[in-house]
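*Asks:* This is the structure, below, for whatever I ask next.
The values are calculated or read from the model by the stated rules, or taken from the named source; none is laboratory data. Everything numeric here is computed off the predicted structure, so don't read it as measured data. Note that each Cβ is placed from the backbone with ideal geometry, even for glycine, and that neighbours are counted across all protein chains shown. Keep in mind that these areas ignore ligands, DNA and RNA; they rest on the heavy atoms of the full protein, side chains included. Shrake-Rupley method; radii C 1.70, N 1.55, O 1.52, S 1.80 Å.
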Amino acid sequence: MSVPRTPLAAALEHGPLVLDGGLSNQLEAQGCDLSDELWSARLLADDPGQIEAAHTAYARAGARVLITSSYQATYEGFAHRGLGHEEATALLRRSVGLARMAAERAAAERAAVEGAEAGRAEARGSAVEPMAAGRAAVERAEAGRAAVEGAEAERAAIEEAEAGRAEAGQTDPGGAGGGGDVGHVGGGAAGSVWVAASVGPYGAMLADGSEYRGRYGLSVAELTRFHRPRIEALAAAGPDALALETVPDADEAAAMLSAVEGCGVPVWLSYSIAGETTRAGQPLRDAFALAAGVDQVIAVGVNCCEPGDADRAVEIAAGITGKPVVVYPNSGEEWDAAARSWRGRSTFDPGRVRAWRDAGARLIGGCCRVGPERIAELAAVVRSH
C-alpha cells in the first residue's frame, strides 16, 4: 500500500481539501442492507468490496480525504456477533486498507486520463512530429492502465492471502494493506488522497441514538478505556489521521484526546452539535478549547449537524483554537427514529464552502445523505477558488 508523501497537516497549510460524503447512503445506493446494529461496519466482514466501491465513488467525485468504515466498528460490537479480539482487530485494520486501495485506484485512473489528455494536446500542437506525440500519448495511457491493473492485482493478492489465512485458522495481521512497509506516491500533495480512520463515539456502539445525546453515565476514565484499544488497532494500520468524529459530549472528547496520546498518528476532533452547543449542551467555545493546545490535533470542527449550524461553528472553532477547521454537515434532512426514515428537504449547499473557507475551514465535505454528486459539486467550488 502507498501513502501520500506530504503529511495531511502540511497539505492543509496550502489550502482546503475536500472530504468525502456519507458512507452509509452510498452503500445503500449500491444496494447494501444496513439494518444490522453494526451498520456499515458489518460489511467489513461480509462484503468488503462494497466498502471499497463506495470509497472509490467519492475519490472519483473529487474527495481528497477518505474516512474509513470504522465509525461503528468496536471490539464490543463485534463480540456481539461472535467475533474474537484478533478477528475484530483484523477488521478494524482492514477498514484502513480498503480506503487506501480506493485512493490508489482513483489516483491511477486520474493519471491515465491526464496522460491521455496531455498526449492529445501534444499531438494537436506538434506539426513536426505528430507520430511521436501520438506514441507518447499511447505510452502514458498504457502506464495509467498498468497502474490500475496493478492496484487490482494487489487487491486480489490480499484477498487470496486473507482466504489462505482464514483456512489455516489465522487472523490477518495487517488488514487489507495497513501497517508493514509502505511506499510513497510521488509528487508531494498534488493528486494525493489521504485516509482518515474513523473513531465514532461510545453511543455509536450502543446503536440506540445516544450518540446524539452524550451523557452516557460513564466517567472520562471509563470512556478512555473503551476507546483506546480500537484507536491502537486503527493507528497500527497506518492511516494518515484519526477522525474523532460525531462527538456529542465534551467529556467524551476529553476521553478520546487522552486515548490517542502516544499513538503516533495526528487526529482531528469533530463535534456533533445543536446551535452553538454540543449535543450534550456544553458551549462550543468550551468544547473546542479542549483541543486548543494539543499539538497532535491538526483540525477541530463539526460534522453530522445541520448545514446552517456549521456556519457559526466554523468561526468559533477557528477563533478559539487557531487551528484549521474541519466541517462536514449532513444534508439538512431530519432522521425520524420511530419511522426509521428521513424527512424534510436537503439544505446542503456547496456554495457555503466559500464562507467556511474564509472563516478558516480546511477540511470540507459532507456527512449523512450527502452523496458523490454533491461532493463533486463541492470539489468544483473548491477548485474554482
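*Asks:* Would you check if there is a residue in region 231-246 being surrounded by 16 or more Cβ atoms within 10 Å (Cβ to Cβ) and free of Cβ contacts under 8 Å to residues at least 12 places away in the same chain?
*Replies:* no
*Asks:* Still on this structure, please answer the following. Of the residues that make up region 47-60, is at least one of a type in the set (D, E, K, R), over 20 Å from ALA90 (Cβ atoms) and within 15 Å of the chain's Cα centre (by Cα)?
*Replies:* Step one: filter region 47-60 for residues of a type in the set (D, E, K, R), giving 47, 52, 60.
Within this subset, residues satisfying the condition of being over 20 Å from ALA90 (Cβ atoms) are 60.
Subsequent filtering for residues that are within 15 Å of the chain's Cα centre (by Cα) retains 60.
Yes, that holds for at least one residue.
*Asks:* Just checking, how many residues over region 199-223 are among the charged types (D, E, K, R) and within 22 Å of the chain's Cα centre (by Cα)?
*Replies:* The total comes to 1.
*Asks:* Going residue by residue through region 45-62, is there one that turns out to be β-branched (Val, Ile, Thr), part of a helix (DSSP H, G or I) and out of contact with any Ser or Thr (no Cβ under 9 Å at 6 or more places or on another chain)? Walk me through how you get there before you give the answer.
*Replies:* Our first condition is that a residue be β-branched (Val, Ile, Thr); within region 45-62, this holds for 51, 56.
Adding the requirement that they be part of a helix (DSSP H, G or I) leaves 51, 56.
Next, only the ones that are out of contact with any Ser or Thr (no Cβ under 9 Å at 6 or more places or on another chain) stay: 56.
Within region 45-62, one or more residues are β-branched (Val, Ile, Thr), part of a helix (DSSP H, G or I) and out of contact with any Ser or Thr (no Cβ under 9 Å at 6 or more places or on another chain).
*Asks:* While we're on this one: Taking THR277 as meeting all but one of (1) out of contact with any Pro (no Cβ under 8 Å at 6 or more places or on another chain); (2) over 27 Å from PRO239 (Cβ atoms); (3) among the polar types (S, T, N, Q), write down the number of the exception.
*Replies:* (1)
*Asks:* Output the qualifying pairs, or none if there are none: Cβ atoms under 7 angstrom, residues six or more apart or on different chains, first residue in region 247-264 and over 23 Å from PRO283 (Cβ atoms) and hydrophobic (A, V, I, L, M, F, W, C), second residue modelled with pLDDT of 95 or more and not in a helix (DSSP H, G or I).
*Replies:* The qualifying pairs are VAL260/LEU242; VAL260/VAL267; VAL260/GLN296.
*Asks:* Mind checking which pairs have a first residue in region 205-221 that is of a type in the set (A, V, I, L, M) and a second that is part of a helix (DSSP H, G or I) and open to solvent by 50 Å² or more (accessible area, probe 1.4 Å), Cβ under 6 Å, 6 or more apart or different chains?
*Replies:* Qualifying pairs under 6 Å: MET205/GLU76; VAL220/ASP251.
*Asks:* Take SER40 and decide whether it is of a type outside the set (A, V, I, L, M), surrounded by fewer than 24 Cβ atoms within 10 Å (Cβ to Cβ), in contact with a Ser or Thr (Cβ under 9 Å, 6 or more places away or on another chain) and not in a loop (DSSP other than H, G, I, E, B). Walk me through it before giving the result.
*Replies:* Numbers: of a type outside the set (A, V, I, L, M): yes; surrounded by fewer than 24 Cβ atoms within 10 Å (Cβ to Cβ): no; in contact with a Ser or Thr (Cβ under 9 Å, 6 or more places away or on another chain): yes; not in a loop (DSSP other than H, G, I, E, B): yes.
It is false that SER40 is of a type outside the set (A, V, I, L, M), surrounded by fewer than 24 Cβ atoms within 10 Å (Cβ to Cβ), in contact with a Ser or Thr (Cβ under 9 Å, 6 or more places away or on another chain) and not in a loop (DSSP other than H, G, I, E, B).
*Asks:* Of (1) crowded, with 22+ Cβ neighbours inside 10 Å; (2) in contact with a Leu (Cβ under 9 Å, 6 or more places away or on another chain); (3) of a type in the set (Val, Ile, Thr), VAL294 satisfies all except one. Which?
*Replies:* (1)
*Asks:* For residues in region 249-284 being surrounded by fewer than 24 Cβ atoms within 10 Å (Cβ to Cβ) and assigned to a strand (DSSP E or B), which is modelled with the lowest pLDDT?
*Replies:* Within region 249-284, the match that is modelled with the lowest pLDDT is ALA274.
*Asks:* Go through region 354-376 and count every residue that is without any contact (Cβ under 8 Å) to a residue 12 or more places away in the chain and crowded, with 21+ Cβ neighbours inside 10 Å. Reasoning before the result, please.
*Replies:* In the first step, residues of region 354-376 are kept if they are without any contact (Cβ under 8 Å) to a residue 12 or more places away in the chain; the result is 358.
So of that shortlist, the ones also crowded, with 21+ Cβ neighbours inside 10 Å come out as none.
So the count comes out to 0.
*Asks:* Ok, one more. Hey, could you check region 210-239 for residues that are part of a loop (DSSP other than H, G, I, E, B) and touching a Pro at 6+ places or on another chain (Cβ under 7 Å) and say which is farthest from VAL199 (Cα to Cα)? Spell out the reasoning first.
*Replies:* Step one: list which residues in region 210-239 are part of a loop (DSSP other than H, G, I, E, B), which gives 213-219, 237-239.
Keeping just the survivors that are touching a Pro at 6+ places or on another chain (Cβ under 7 Å) gives 213-214.
Details: ARG213: 17, GLY214: 15 Å.
Only one residue fits best here, namely ARG213.
*Asks:* Another question, then. Considering region 19-49 alone, what residues qualify as being touching a residue at least 24 places away in the same chain (Cβ under 8 Å), among the aliphatic types (A, V, I, L, M) and under 17 Å from SER198 (Cβ atoms)?
*Replies:* LEU19, LEU23, LEU27, LEU38, ALA41, LEU43, LEU44, ALA45
*Asks:* Okay, moving on. Return only the number of the condition from (1) open to solvent by less than 70 Å² (accessible area, probe 1.4 Å); (2) among the acidic types (Asp, Glu); (3) in contact (Cβ under 8 Å) with a residue 60 or more places away in the chain that GLU333 does not satisfy.
*Replies:* All conditions are met except number (3).
*Asks:* Okay, next question. Within region 86-110, can you find the residues that are of a type outside the set (Lys, Arg) and farther than 16 Å from LEU38 by Cβ? First the steps, then the outcome.
*Replies:* Step one: of region 86-110, the residues of a type outside the set (Lys, Arg) are 86-92, 95-99, 101-104, 106-109.
The answer is GLU86, VAL96, GLY97, ALA99, MET101, ALA102, ALA103, GLU104, ALA106, ALA107, ALA108, GLU109.
*Asks:* Sticking with this structure for a sec: Could you check region 71-99 and list, in sequence order, the residues that are open to solvent by less than 10 Å² (accessible area, probe 1.4 Å), assigned to a loop (DSSP other than H, G, I, E, B) and polar (S, T, N, Q)?
*Replies:* If the condition is that a residue be open to solvent by less than 10 Å² (accessible area, probe 1.4 Å), assigned to a loop (DSSP other than H, G, I, E, B) and polar (S, T, N, Q), then THR74 is the only one that fits.
*Asks:* While we're looking at this one, here's another question. Considering each residue of region 202-230, count those that are among the polar types (S, T, N, Q) and open to solvent by 30 Å² or more (accessible area, probe 1.4 Å), and give that number.
*Replies:* To start, the set of residues in region 202-230 that are among the polar types (S, T, N, Q) comprises 210, 219, 224.
Imposing the further condition that a residue be open to solvent by 30 Å² or more (accessible area, probe 1.4 Å) reduces the set to 219.
Residues flagged as among the polar types (S, T, N, Q) and open to solvent by 30 Å² or more (accessible area, probe 1.4 Å) within region 202-230 amount to 1.
*Asks:* Can you tell me which residue is farthest from ASP47 (Cα to Cα) among those in region 7-23 that are buried (at least 19 other Cβ atoms within 10 Å of the Cβ) and not hydrophobic (A, V, I, L, M, F, W, C)?
*Replies:* This residue is PRO16.
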